[in-house]
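The values are calculated or read from the model by the stated rules, or taken from the named source; none is laboratory data. These numbers were taken from a predicted model, which means no experiment stands behind them. In this analysis, Cβ positions are derived from the backbone assuming ideal geometry, glycine residues included, and neighbour counts consider all displayed protein chains. All accessible areas refer to the heavy atoms of the entire protein, side chains included, with ligands and DNA or RNA removed. Shrake-Rupley method; radii C 1.70, N 1.55, O 1.52, S 1.80 Å.
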Amino acid sequence: MSTCHAEPTVTTDGTNIAIVGAPNTGKSSVFNHLTGLRVRTANYPGVTVTRTSGQVSDGARRVNLVDLPGAYGLDPVSPDEKIVADHLAGRLPGEPVPDALLVVVDATTLRRTLGLVSQAQRTGLPCAVVLTMTDELCRRGGAVDPEALSAALGVPVLVVIGHRGRGVGALRASLLTWTEWASPVILPPEDEEGRAAWATSVLDRARYRPAGPPQATDRIDQVLLHPVWGLVVFAAVMTAFFQTIFVVAAPLQGWIGTLFAWLGRLAAADIDQPVVADFVNSALIGGVGGVLVFLPQIVLLFFLLALLEGVGYLSRAAVLMDRVMALSGLDGRAFVSMLSSVACAVPGIMSTRTMPSSRDRLATMLVNPLMPCSARLPVYVLLVAMLVPAESTVGPLRAQGLVMLALYVLGAASAMGVASLLSATLLRGGGVPFYLELPPYRVPTLRSVGGQVWTPAKHFLRKTGTIILGATVVLWALMTFPTRAVETEGMDDAQATAYVLDHSYAADIGRAVEPVFEPLGFDWRIDVGLLSAIAAREVFVATLGQVAAAEDPADPQAALEGLARTSGQDAGQPLFTAPTMVALLVFFVYALLCTSTLATLRRESNSWRWPALAFVTYGALAWVLAWVARMITTAIVPP
Amino acid sequence: MRPEERGTGASMTDEVTTAVTRLTSLRRGATGRVAGLDPALAPAVRRRLADLGFVVDAEVCCLRRAPLGSPTVFRIGETDLCLRPSLSNQVLVVPR
């Protein structure tokens, strides 16, 4: 779940009930069922965690329900869990102590999760238990009597079968009458031995028969965690994952780009005032189109990730990759985080909250921006199309595809390399030993997968809609003003636009920065593009489009190929030569240009030091490696 | 479980058949009962292991080792858990 800017705190008037539960217990599913679509996500004021809350109502009565992060216990080990503990104790500023607690408990791991129930009861708040996965319990030969369990615990126990939504009505009714919940006569003991004895007596009274081993899961894991077959399947899953980017998402992106270009021309044709027409065409519609062009890829990637996680495969992937990650001082969980960053680094960085050790969190957070994210894709697509002829092949594979793959591999390998370096220098030692729960394989509900796609997609849209649109408008203004009406009188349209651009504010800024990037072969126009990419990388393509006065700013390839340098010793020579394009590509692989990523790094690491360090270091690295790439290309490729 | 067997790594001289050992040494498919956690373990990690089911007398089984070496998948009670050797080395078990 992600949001890049703080939203007003959700109202806490009325009753506030919090849901707690261990990960993998179906807690989010229960929350979604109870609140439906009436969910709001906000940042805890002053703290870094996203808080999801919604309203439960039957028309007459209403309570606010807060979904707390998954926690194995109320004694915190990871930052996520600290939030839960702080929220329940009322230590979070602006967050009242909840009026009651809903504890979600997985019936197949009941003995273990009774520990959480006892801790919840010891908080003194009114509690009710939601028992999930009872169908799975029965399927595996286990049994439990919910009423007897309720009598043994002294609190209400409600059974909910997640994917069918059965029992939700009764749960909602009980939730709305929370003041009538029974409470235990004596609290469970606090010490480990006493708790174990208490748990045994509760389970006996509830006539609990534990589930047999998950046979289907065991059989599947024989393959998926097999030394050979496991890795084969893993490679296949990863290939399919990345194929969706190139084969499925890229064409979709192309269509959306074309659609918006058409809309832009349509709007421009209808508007008389040329400045306004240009504004609507390039800035507004081009800007919005620039955002929406990303949507298919982001949605698809989030969908695949949600599916893999819901099924339970991602934890297996983390296990398979743990050894490899350990080489760089990271662990298996970091792999999942970095995989999410292929969609967008913001949720990838935020997913490090589940890591118990702050050292591991920091190491993973700092290398996530090197993973090739969706925003880099249009830049790669444009430059690779200009660099490599479409028809050329290497054996049976298209050369363009191979270059794209190489760019992705470069990003990922660099991330591992930097992680190794960090582990050997700044972030040496410390860390909590790796452990990970492997839940049984389950069929995820469409609802839960949908929720995990819709929420980040919505936030992505909102964030990029504001930042990208804003950046595009500002850039448009910088490139269109001053209008130079006097000097351009008598010139034809194309010449006039070029003149205005050459003497605009953007040109002033670009020329000021030009010396920095000159050794890389970039001229001021590319520099303006790079500066615009700081708002969001996607804007780079749109900016280049405007710079090249392209007919269709979203597809500026033809116009860019024709661009020539306007000054310096190479005046008149084409701007986009092979060495320049290679340098630009390498620059984009490394440079941390995205303000949203920087903002997220700041929030998650609680200081400006790390994002500043990352920005400067990756920027310098990008410059140096781009220069090296340029030298190599100049030596290899005949001019 | 005798008090002397809990929480210590020493094996009793007259209890060769119930010698306490480390979880890491459980072979694939072998089971054992948890005898305790190494006292040198950080408190946060102890708590977490306890929350995950590593309590005295719980049954633990070594399911499989991951490809490429570590980590190892154990079944502790009703939960399947993956641990690196550095962590499983801190868990004391009495093998069957």
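Set against the 2.2 N^0.38 Å expectation for a compact globular protein, the stretch A:294-374 has a Cα radius of gyration ratio of 1.04. Taking amide H as placed 1.01 Å from N in the peptide plane, the amide H of A:V104 sits under 5 Å from that of A:V20, A:G21, A:V130, each at least 5 places away or on another chain. Solvent-accessible area lost on pairing B with A (1.4 Å probe, both sides summed) amounts to about 2900 Å².
The modelled label-to-label distance between A:V248 and A:A424, using points 7 Å beyond Cα along the C-beta direction, is 3.9 nm. Starting from 0 in steps of 5 Å, tell me what percent of the Cα-Cα pairs of the stretch A:286-429 lands in each bin. Cα pair-distance distribution for the stretch A:286-429, in percent: 2, 10, 16, 19, 18, 14, 11, 7, 3, 1, 0. Solvent-free Debye calculation, one equal scatterer per alpha-carbon of the stretch A:222-314: log10 I(q)/I(0) at 0.14, 0.25 Å⁻¹ equals -0.64, -1.13. Residues in the stretch B:83-95 carry Karplus couplings, in order, of 10, 7, x, 4, 8, 5, 5, 8, 9, 9, 10, 10, x Hz; the curve used is 6.51 cos²θ - 1.76 cosθ + 1.60 with θ = phi - 60°, and Gly or Pro positions show x. Among the trypsin sites (Lys or Arg not before Pro) found in the stretch A:133-210, those both in a DSSP coil and sparsely packed, with 13 or fewer other Cβ atoms within 10 Å of their Cβ, are A:R207.
Per-residue Karplus couplings for the stretch A:235-248, computed as 6.51 cos²θ - 1.76 cosθ + 1.60 with θ equal to phi - 60°, are listed in order as 4, 5, 5, 5, 4, 4, 4, 6, 4, 4, 5, 7, 7, 9 Hz, Gly and Pro entered as x.
Karplus-derived 3J(HN,Hα) values for the stretch A:597-608, using 6.51 cos²θ - 1.76 cosθ + 1.60 with θ = phi - 60°, are 5, 4, 4, 5, 4, 4, 5, 6, 9, 6, 7, 7 Hz; glycine and proline are entered as x. For the pair A:A151 and A:E487 in one chain, pulling the backbone fully straight at 0.36 nm per residue adds 112.2 nm over the alpha carbon distance.
The stretch between A:R164 and A:R61, if pulled fully straight at 0.36 nm per residue, gains 34.6 nm over its current Cα-Cα span.
Taking every DSSP beta bridge that has both ends in the protein assembly as shown, the antiparallel portion is near 70%.
Annotation: amide H-H contacts under 5 Å for B:G36 (H modelled 1.01 Å from N, sequence separation of 5 or more, or interchain): B:G7, B:L92. From the square roots a ≥ b ≥ c of the eigenvalues of the alpha-carbon gyration tensor of the stretch A:74-148, which class results: rounded (a/c under 1.5), prolate (a/b over b/c), or oblate? Prolate.
Shape analysis of the stretch A:376-459 based on the Cα gyration tensor places the equivalent ellipsoid semi-axes at 34, 26, 15 Å, largest first. Here B:D38 sits with roughly 20 square angstrom of accessible surface, probe radius 1.4 Å.
Helix A:110-122 and the long axis of chain A differ in direction by around 90°, with both axes built from C-alpha atoms. Here the calculated FRET efficiency for A:Q273 and A:T179, from their Cβ-Cβ distance with R0 = 41 Å, stands at 0.05, rounded to the nearest 0.05. Taking a ≥ b ≥ c as the square roots of the eigenvalues of the Cα gyration tensor, the stretch A:460-526 is classed as oblate, since a/c reaches at least 1.5 and a/b does not exceed b/c. Note on the protein assembly as shown: percent of Cα-Cα distances in each 10 Å bin, starting at 0 and stopping at the bin with the largest distance, equals 3, 13, 22, 23, 17, 11, 7, 3, 1, 0, 0. Heavy-atom surface analysis with a 1.4 Å probe gives chain A a carbon and sulfur content of 64 percent of its accessible area. Qualifying trypsin sites (Lys or Arg not before Pro) in the stretch A:61-111, where qualification requires a DSSP coil assignment and no more than 13 other C-beta atoms within 10 Å, comprise A:R91.
Our estimate of slack between A:S392 and A:L284, defined as 0.36 nm per intervening residue step minus the Cα-Cα distance, is 35.2 nm.
Annotation: per residue accessible area for the protein assembly as shown equals 41 Å², rounded to a whole number [probe 1.4 Å, protein chains only]. The GluC sites (Glu not before Pro) found in the stretch A:189-277 that occupy coil by DSSP, while having at most 14 further C-beta atoms within 10 Å, are A:E190.
For the residue pair A:F241 and A:Y499, what label-to-label distance in nm results when each label sits 7 Å from Cα along the Cα-to-beta-carbon direction? That separation, rounded to one decimal, is 5.5 nm. Taking 7 Å steps out from each Cα toward its Cβ at A:V637 and A:R609 produces label points 4.2 nm apart. Scanning residues 5 or more positions from A:A143 or on other chains, those with amide H under 5 Å from its amide H are A:R209, with H placed 1.01 Å from N in the peptide plane.
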